[in-house]
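The values are calculated or read from the model by the stated rules, or taken from the named source; none is laboratory data. Computed from a predicted structure; not experimentally measured. Counting neighbours? That spans all protein chains shown, and the Cβs are built from the backbone with ideal geometry, glycine included.
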Amino acid sequence: MPASRNKYRGDWLLHFLEIPVRAAPNHRILPLFLAALTVALTATAQEPQDEPIVSDSISFELYNPPSTLAVPSTEVRRARYPFVDVHNHQWQMPTDDLSETVAEMDALNMAVMVNLSGRLQDDGAHLRACIENARQNAPGRFLIFTNLSYEDIDEPGWGEAMAQRVADDVAAGATGLKIYKSLGLSVVDSAGARIAVDNPRLDPIWAKCGELDVPVLIHSGDPSPFWEPWDNQNERWLELKQKPRRRRDADSPPSFEQVMGEQLHVFKKHPHTTFISAHLAWRGHDLSTLGKMLDDHPNMYTEIGAVIAELGRQPRFARQWFIDHQDRVLFGKDVWTPEEYWCYFRVLETADEYFDYYRRRHAFWKMYGLDLPDEVLRKLYYGNALNIFPQLDRSLFPDK
Ligand SMILES: [Zn+2]
């Protein structure tokens, strides 16, 4: 395994461990990183083997035969149009050689990457260093979001102070606010009570983002099967086996409906703020409901990060859904592993049938291409992002 693969794998794990919430000294990251890497390598060892197994009982995990189907197949290593990835994380951006990242972006036809984790471990200097590195070494190619700290949430005036901090970060060059899923799931006040996504203490922050005209990209909750019993009826059985900490207790609050409902309540309460609900609001499996949410909340956008496998299993319905909601969906990916983008391009752009997704714990099913109309594809790749981010250099995009 080449070194760069290890780097991406580790980044991904850090992201899903959701550690960039509280301040922590940097020397505590390395042991955590190494532990995460060990878990990752163990998980890899559990993937289906290439060696044939002869048995009258083969487990679900091992039964993954190569397809015999012969149908036209298209390899798409480069998006048809330049695109903006609104959901990405770069963890060492202040010191990264951005020319390397830009070369990888160019190969994919990624015009602009949004780094959502600007403050990392709640570090304002880190944010400013990200902005500075991008300005100096890759002007126009990165947008950087700021983040919140909930440490002092019980202090009077916390919301106003945090809103001012967001405003200061925006003045320094940040172009949006990213909310991690910790809000609504794990953030608590000093008495140990859960802070709901729509807790009024955050209202000044949402209002300030509207006033500044910067979007809030908000990830709330988890895929709904995480709340379901871990049994053979659960579509995420394999993920919950490999990542047991992701299992949630259906009986202990908040429920999936509760936490996602709180997110919508924020959108309703702050109609002048633009919100991007991450991961298709975890409704990629139920696009009718998601479409209704978009219809009911004109200030809501969504993005497709980490949920392309939901779209790839319903190519006809999803294609029509994209046509119906073409002004409201953005391209996102989440994990920066360049070759995984090829599957996104193939699902969105081609009419290929029955091809593989790259992570079986997300999808044990095959993908089908949506063959999106050109006009819809352009909006998804860059048109809608241009409406949200006035900072984007329009010369990077065709006909703009
Ligand atoms: Zn993310």
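Quickly run through segment 319-337 and pick out the residues that are surrounded by fewer than 22 Cβ atoms within 10 Å (Cβ to Cβ) and either within 16 Å of the ligand (Cβ to nearest atom) or among the small types (Gly, Ala, Ser) (or both). Listed by number, the residues that qualify are Val335, Thr337.
Just one of Gly173, Gly184, Gly221 is of a type in the set (Gly, Ala, Ser), closer than 17 Å to Thr146 by Cβ and either modelled with pLDDT under 95 or surrounded by 17 or more Cβ atoms within 10 Å (Cβ to Cβ) (or both); which is it? So that I can check it myself, show each step before the final result.
On the way: Gly184 fails: closer than 17 Å to Thr146 by Cβ; Gly221 fails: closer than 17 Å to Thr146 by Cβ.
After ruling out the rest, the residue left standing is Gly173.
Number of residues in segment 132-147 that are touching an Asp or Glu at 6+ places or on another chain (Cβ under 7 Å) and small (Gly, Ala, Ser) equals 1.
Given the structure, is Leu116 within 19 Å of the chain's Cα centre (by Cα) and either at pLDDT below 95 or within 18 Å of Pro215 (Cβ to Cβ) (or both)?
Yes: the conditions hold for Leu116.
Condition check ((1) more than 16 Å from the ligand (Cβ to nearest atom); (2) more than 24 Å from Tyr180 (Cβ to Cβ); (3) not hydroxyl-bearing (Ser, Thr, Tyr)) across all residues:
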| site | (1), (2), (3) |
| --- | --- |
| Asn64 | yes, yes, yes |
| Thr68 | yes, yes, no |
| Met93 | no, no, yes |
| Pro139 | yes, yes, yes |
| Phe142 | no, no, yes |
| Glu155 | yes, no, yes |
| Met162 | yes, no, yes |
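Is it true that Phe83 is surrounded by 12 or more Cβ atoms within 10 Å (Cβ to Cβ), of a type in the set (Phe, Trp, Tyr) and either within 19 Å of the chain's Cα centre (by Cα) or within 16 Å of the ligand (Cβ to nearest atom) (or both)? Here the answer is yes, as Phe83 does meet what is asked.
For segment 268-283, the set of residues classified as away from the ligand (no atom under 15 Å from the Cβ) and out of contact with any His (no Cβ under 7 Å at 6 or more places or on another chain) consists of Lys269, His270, Pro271, His272, Thr273, Thr274, Phe275, Arg283, listed by residue number. Among the residues of segment 227-254, just one is within 30 Å of Gly210 (Cβ to Cβ) and surrounded by fewer than 16 Cβ atoms within 10 Å (Cβ to Cβ), namely Pro253.
Is it true that Thr337 is in contact with a Ser or Thr (Cβ under 7 Å, 6 or more places away or on another chain) and modelled with pLDDT of 95 or more? For Thr337, the condition - in contact with a Ser or Thr (Cβ under 7 Å, 6 or more places away or on another chain) and modelled with pLDDT of 95 or more - is not met. Being without any contact (Cβ under 8 Å) to a residue 24 or more places away in the chain and surrounded by fewer than 20 Cβ atoms within 10 Å (Cβ to Cβ) holds for only one residue in Glu104, Glu100, Glu151, and it is Glu100. Inside segment 109-121, residues that are outside any strand (DSSP E or B) and buried (at least 22 other Cβ atoms within 10 Å of the Cβ) make up a count of 5. Out of curiosity, is Ile131 within 16 Å of the ligand (Cβ to nearest atom) and either surrounded by 17 or more Cβ atoms within 10 Å (Cβ to Cβ) or of a type outside the set (A, V, I, L, M, F, W, C) (or both)? No. Being over 21 Å from the mean Cα position of the chain (by Cα), buried (at least 18 other Cβ atoms within 10 Å of the Cβ) and in a helix (DSSP H, G or I) is a property that does not hold for Ala207. Per this entry, Glu303 is counted among residues that are crowded, with 22+ Cβ neighbours inside 10 Å, within 16 Å of the ligand (Cβ to nearest atom) and under 25 Å from Ala111 (Cβ atoms). Scanning segment 261-273 for residues that are surrounded by 22 or more Cβ atoms within 10 Å (Cβ to Cβ) and either in contact with a helix residue (DSSP H, G or I) (Cβ under 6 Å, 6 or more places away or on another chain) or within 20 Å of Ser186 (Cβ to Cβ) (or both) yields a total of 3.
Applying a threshold of 9 Å to beta carbon distances and a minimum spacing of six or more residues, or different chains, the list of pairs starting in segment 54-75 at a residue that is in contact (Cβ under 8 Å) with a residue 24 or more places away in the chain and of a type in the set (D, E, K, R) and ending at one that is surrounded by 10 or more Cβ atoms within 10 Å (Cβ to Cβ) and not in a loop (DSSP other than H, G, I, E, B) reads Glu61/Leu238; Glu61/Lys241; Glu75/Trp342; Glu75/Arg346. Residues in segment 203-239 that are farther than 26 Å from Lys178 by Cβ and not charged (D, E, K, R): Pro229, Trp230, Asn232, Gln233, Asn234, Trp237, Leu238.
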